[in-house]
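Structure record follows, encoded as C-alpha cells.
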C-alpha cells in the first residue's frame, strides 16, 4: 500500500466534473462523480433525526444493487424542505440518470450548505447537460472544489495497493469544515475504487474504516443533517476482494488509511482552527468510556480555547474527564501534555510546566485512566475568535 | 414575598467580610459569611469526579448538625492538590473556627480560581484575624466582591416574606462566570436566611429551588470541580418553617425566586456574553427529553455563534434537536424565534424571517416537540470572540 498523488479519478473508469450553476454567487457549486460501468455502492449517513432530503433519498436508493454516479451540490443543504425537498432531489437524480443512461436510483444525491431553503431547481436542471459534458478523467480537482463550503483548502487523497501481480487504487475527496462530530459531521466524502467488492462487504469495510477516522473527529460537537460518506467500487481493476481473504485485509487497510488522511484534513481545516490536536485515552474500562472521555475533552470550549491560547491549563482537561456520565476514579488519572506529565494519580505534578509547551501547530494530549485496557484516539481542533466570526456571519 | 434591596447580611444575625489577602495581585480574594448563632446548613455540590479539596471537605462537614460560617477564597481552586490540598482546607477551617469560637466542622470552605496549584497558606493564615475583625452587618458588598473571578459585575439579591404577623428574609450572593453547566457550574452561591428550618427540610427546599434555577443554566457546557451552593438558616426571625405547612410553601417560593434571580445574573455575566437567551422546550415525551433537547441547543457552538451574530439561522436549532440521544420525530417539530414561527411540522416556514429578529439583548427560542406533555426552560448566553479571548488568556 502506498499513498500516491492523484484525485478521485485515479481508480479506473471514474470521471469527474465540477461546474458553477448559480447556487453560489461565484464559486463552483455542482459536482459529479461517475463510473463508466455500474458500481457497487455503500454509504454511511448522519444519525441526526432531522435528515436532509438527499440523505433520505440516497439511503433509499442504496437498497438497489448497483449505482453509476454521485451528484453533489454545495451552497444549499436541501434540509427542512419537507416533501417538496425530496421531490427536488428525485428530479435531479431522474434528469441526470436520463442524461447518463441509468434509472434515477442509480444516481446518489448529496447536498451541503444553508438549511431551510428550497434548491434553485431551474438553475440546477438547466446546468445538468453542461455538468455531464464536462466529465473527464484528468486530475483537475474540479469535483473536490465544487463540494467545498467554508473549507479553506481542497481535500483529496489516493492510495494504490498491490495485490499479487495486479493493483487496485482507492481515492477520495471530502469537505468539512464546521459541524464536525462523530456519527457524523457535515462532512461529505466520496470515495472511489476499482476493486471488485460485493456490496455487503463494501459496507462492512466502510464501517470499519470510518470508525477510526471520520467517526473519531470532532470540531464543535454539532451534528449535521446532511453528512454522508459514499464509496463506489466498479471492479475495473479486475481484482476481486472477498471476505476474510488476504486481499480484503489489504483493501480495508488502504481504505482506513485513506479515510484517516481525509478525516485529518477536515480537522486541520476546522473553522478558524490554528491547532491540530490529538487526544489519546488509554486504560479505560471499556471502549465507550474511552470514547466519552476523549470526546468530552475534545468538545470542551474551555479546553479548546486554552489550546488556542498556548495555555497548558491542564485542570480543564481533568475537569472535562470528571464530567463524563459514568464516574471515573480521579486518584488513578494521569495526564500528559505533549509528552510531559502534568497530572500524576490525580495530583498536579508541578507548577512549572513550560509556558511554551503548546507552541507549534500540533498538540498531543494523553489521558491514562489506569482502570482497564480499552483505548481510543480522537482528533480535534482549537476554538478561535475566527470560528465565532465565521459562524456568526454565515447564512 | 417581595424582592428588596440588600445583601447577604439582610437576614438577622449574619455578618460579612471581604479582604485582600494576596492570592490575587490586587482585588479582594477572601470572603467570610458568619452567623452569630449556630445555623442549620445545606449544600449542593458539583457532580464532577474531580472534586476540589474544599468540596470534599465541606460535604463531610455538612454531616454535622449546625454551622457557623462559610469562608470563600477566589483566585485559587485548591483542586488537583491531593491530600495536601485537603489538609490546607482543614487548616483554614480549624484556624478560623478557633477565632470565631467553634469547632473546625462548623466552618464550611469554598474555593474558586485556577486549578492545580497549592493555596498560598501562609498568606491566608496570616490574614484570618483581619478577616474576622472586618466582620460587619452593613450592606458593603465586600463578601460578594471577594468571591468574584472573571465576573464583570457583583451578584446579590434578597427577598422578604411575610408569614402571619412576622417576616423572614432570604439573601444570596453568587459568582459565575465560565464553566457554567447544570449539576452544576463554577458557580458559588451562598444564601442566608433567618427562618428556622430543620436541616433535612432545608436540603429538600434547596434541591427544589436549584432545579429550576442553577441547574437550568448553561454557559459553555463545561462542568467545574468546585461548584457549591450553600444555605445557612439561623432561625433568628423566630419564624418556624416546617414541612407541608403554608409557611414552607412561602419559603420555597422565595428561595426559588432568589435562586432564579442569582442564576440569571450568572448567565447575563457569562464570559463574553452579549445576549441573554431563554430556551423553552414544550410537548416533550418526558422531562429528561425536554431537558436534553434544551441543553443540546443551549450548548451548541453553532447556535451560540448565530445568536451572537444576530443571525436567525434556525436550521442549526433543528440540527441540535435532532442530535439528541433518543430520536425525535422531525415531522412534528415547530420552532419559534422571538415569537415568530420559523419551522412548522419540520418544514421551514418561509425564507423571509426578518434579518433583525435577533437584535436586542434578549432572545427567546421555543421548540414544540408535539410528542407529549413535558416541558422545561433553559437559560444560556451567546458565544462571542470575547469568550475565546478570555479563556485563551486565563491562567
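The values are calculated or read from the model by the stated rules, or taken from the named source; none is laboratory data. This structure is a prediction, so every number in the text was calculated from the model and none was measured. Positions of Cβ are backbone-derived with ideal geometry, glycine not excepted, and every protein chain shown enters the neighbour counts.
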(request) Name the one entry in B:360, B:346, B:339 that is surrounded by 18 or more Cβ atoms within 10 Å (Cβ to Cβ), at pLDDT below 95 and on the phi > 0 side of the Ramachandran plot. (result) B:346
(message) Restricting to the range B:370-395, count the residues that are touching a helix residue (DSSP H, G or I) at 6+ places or on another chain (Cβ under 7 Å), assigned to a helix (DSSP H, G or I) and closer than 14 Å to residue B:309 by Cα.
(response) 1
(request) Starting from the range B:330-352, take each residue that is touching a residue at least 60 places away in the same chain (Cβ under 8 Å) and facing chain A (nearest Cβ under 8 Å) and list its partners that are assigned to a loop (DSSP other than H, G, I, E, B) and surrounded by 17 or more Cβ atoms within 10 Å (Cβ to Cβ), counting only C-beta distances under 7 angstrom and pairs at least six apart or across chains. (result) none
(request) Look at the range A:312-329 and say how many of its residues are more than 7 Å from every other protein chain (Cβ to nearest Cβ) and assigned to a loop (DSSP other than H, G, I, E, B). (result) 5
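A quick yes/no check of all residues on (1) in contact with a strand residue (DSSP E or B) (Cβ under 9 Å, 6 or more places away or on another chain); (2) part of a strand (DSSP E or B); (3) touching a residue at least 24 places away in the same chain (Cβ under 8 Å):
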site: B:253; (1), (2), (3): yes, no, yes
site: B:262; (1), (2), (3): yes, no, yes
site: B:265; (1), (2), (3): yes, no, yes
site: B:278; (1), (2), (3): yes, yes, yes
site: B:290; (1), (2), (3): yes, no, yes
site: B:293; (1), (2), (3): yes, no, yes
site: B:296; (1), (2), (3): no, no, yes
(request) Output the number of the condition that residue A:81 fails; it satisfies all remaining conditions of (1) buried (at least 24 other Cβ atoms within 10 Å of the Cβ); (2) within 21 Å of the chain's Cα centre (by Cα). (result) (2)
(request) Could you run through the range B:287-301 and say how many residues are facing chain A (nearest Cβ under 10 Å) and surrounded by fewer than 24 Cβ atoms within 10 Å (Cβ to Cβ)? (result) 1
(request) Starting from the range A:165-183, keep only residues that are away from chain B (no Cβ under 14 Å) and within 12 Å of residue A:258 (Cβ to Cβ), then list their pairs with residues that are buried (at least 24 other Cβ atoms within 10 Å of the Cβ) and modelled with pLDDT under 90 whose Cβ atoms are within a distance under 8 Å, requiring at least 6 positions of separation or different chains. (result) A:174/A:187
(request) Scan (1) assigned by TED's automatic domain parsing to the domain that holds residue B:193; (2) more than 30 Å from residue B:200 (Cβ to Cβ) for the single condition residue B:282 breaks and write down its number. (result) (1)
(message) Against the condition assigned by TED's automatic domain parsing to the domain that holds residue A:104, part of a strand (DSSP E or B), buried (at least 23 other Cβ atoms within 10 Å of the Cβ) and in contact with a helix residue (DSSP H, G or I) (Cβ under 6 Å, 6 or more places away or on another chain), how does residue A:32 come out, does it pass?
(response) yes
(request) Could you run through the range B:266-276 and say how many residues are in contact with a helix residue (DSSP H, G or I) (Cβ under 8 Å, 6 or more places away or on another chain) and under 18 Å from residue B:388 (Cβ atoms)? (result) 6
(message) On the basis of being part of a helix (DSSP H, G or I) and within 12 Å of chain A (Cβ to nearest Cβ), does residue B:304 make the cut?
(response) yes
(message) With the requirement that a residue be away from every other protein chain (no Cβ under 13 Å) and outside any strand (DSSP E or B), what does the range B:357-369 give you?
(response) B:359, B:360, B:361
(request) Take the residues in the range B:197-220 that are modelled with pLDDT under 95 and outside any helix (DSSP H, G or I), then tell me which one is farthest from residue B:268 (Cα to Cα). (result) B:212
(request) Please enumerate the residues belonging to the range B:184-196 that are farther than 23 Å from residue B:162 by Cα, assigned to a strand (DSSP E or B) and either out of contact with any helix residue (DSSP H, G or I) (no Cβ under 7 Å at 6 or more places or on another chain) or outside the structural domain of residue B:168 (by TED's automatic domain parsing) (or both). (result) B:188
